[in-house]
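Single-structure report; data block below.
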Amino acid sequence: MNIIRTLFTVISLSFIASNSFASNEDTARSWINAAYTGKEEMIASVRDNMAEDGLNYPGRFVGFGFNWNPDLDEGKMIVQRVISGSPAEGILEPGDEFISVEGIEVNQKNIDDEKLPFSGLPGKTVNAVILRNGEEMNIAVTRGIVNSSNTKSQVLENLSGADAGNWTTIEHRINEVASNMTDNTVYVWHWHKSLNRTFDLEFEQNVVTRLAFNDEGKVIAIGDLSEERLAQSQLGFSLTR
């Protein structure tokens, strides 16, 4: 929290509020509130406020680099999209189903307990078995840093396939909003208390969201800086690699 508070203090001191940015700030506030409220509210906000060429940056991570929807097939992990430039590009294809990872079977319990070793030390080769076109295949992927982005259509597709029951925010608030007068960006510092349904545990997190707007007042880029490490600690996870 201290890092985010310090960051936002620097941002706030560097940026000057102006009435000309009130509309962008209102859009930013409504975007954040919609994200906490529910699936349909978030879909409407993206549809109405995101530019057609806008991009969502969900954050970097170490792993393979693919998207899947846990709500479509319970107990299964089926690739929906391979992230461009990721370690999995050229190895995985949409429709591939994971059977095992490093000998660990893909099932609901192992998915829920996060026992499948997709994440871990960068540069390590991970062996897996997938099902493609009805045939099992052995693959090897070397973990790396994945820097992904989603287009508006991909964001809407992901939201459409999401489980509306997964919106488990107990409480949230917007702490502060700051505008940059030179490049049409708005920073929103917000806090939330949510429920992790897998472990039935509550956790708290501060997040700073950066939204960049075009001249028409539509969001052209959005990304977050969050207390992810703190949230993991609250849920009992520790860094072992």
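The values are calculated or read from the model by the stated rules, or taken from the named source; none is laboratory data. Bear in mind the structure is a predicted one, so any value in this text is a computation, not a measurement. Here the Cβ positions follow ideal geometry from the backbone for every residue, glycine too, while neighbour counts run over all protein chains shown.
Below is a table of values for the structure above.
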{"item": "Extreme residue, surrounded by the fewest Cβ atoms within 10 Å (Cβ to Cβ), among residues of the range 209-227 that are outside any strand (DSSP E or B) and touching a residue at least 40 places away in the same chain (Cβ under 8 Å)", "result": "GLU216"}
{"item": "Qualifying residue in the range 196-207 (condition: within 21 Å of ALA51 (Cβ to Cβ), surrounded by 16 or more Cβ atoms within 10 Å (Cβ to Cβ) and in the same structural domain as SER226 (by TED's automatic domain parsing))", "result": "no"}
{"item": "Matching residues in the range 184-207 - criterion: being at pLDDT 90 or above, hydrophobic (A, V, I, L, M, F, W, C) and not in a strand (DSSP E or B)", "result": "none"}
{"item": "Pair list, Cβ under 9 Å, 6 or more apart: the range 146-159 residue within 20 Å of PRO87 (Cβ to Cβ), other residue assigned to a helix (DSSP H, G or I)", "result": "ASN150/GLU157; ASN150/ASN158"}
{"item": "Selected residue (criterion: surrounded by the fewest Cβ atoms within 10 Å (Cβ to Cβ)) from residues of the range 62-119 that are outside any loop (DSSP other than H, G, I, E, B) and charged (D, E, K, R)", "result": "LYS109"}
{"item": "Matching option when the condition is at pLDDT 95 or above and in the same structural domain as ASP224 (by TED's automatic domain parsing), among ASN175, ASN180, ASN138, ASN127", "result": "ASN175"}
{"item": "PRO122 being surrounded by fewer than 18 Cβ atoms within 10 Å (Cβ to Cβ), part of a loop (DSSP other than H, G, I, E, B) and modelled with pLDDT under 95", "result": "yes"}
{"item": "Residues located in the range 125-160, provided they are in a loop (DSSP other than H, G, I, E, B) and surrounded by 13 or more Cβ atoms within 10 Å (Cβ to Cβ)", "result": "ARG143, ASN147, SER148, SER149"}
{"item": "Number of positions in the range 168-183 that are crowded, with 17+ Cβ neighbours inside 10 Å and assigned to a loop (DSSP other than H, G, I, E, B)", "result": "0"}
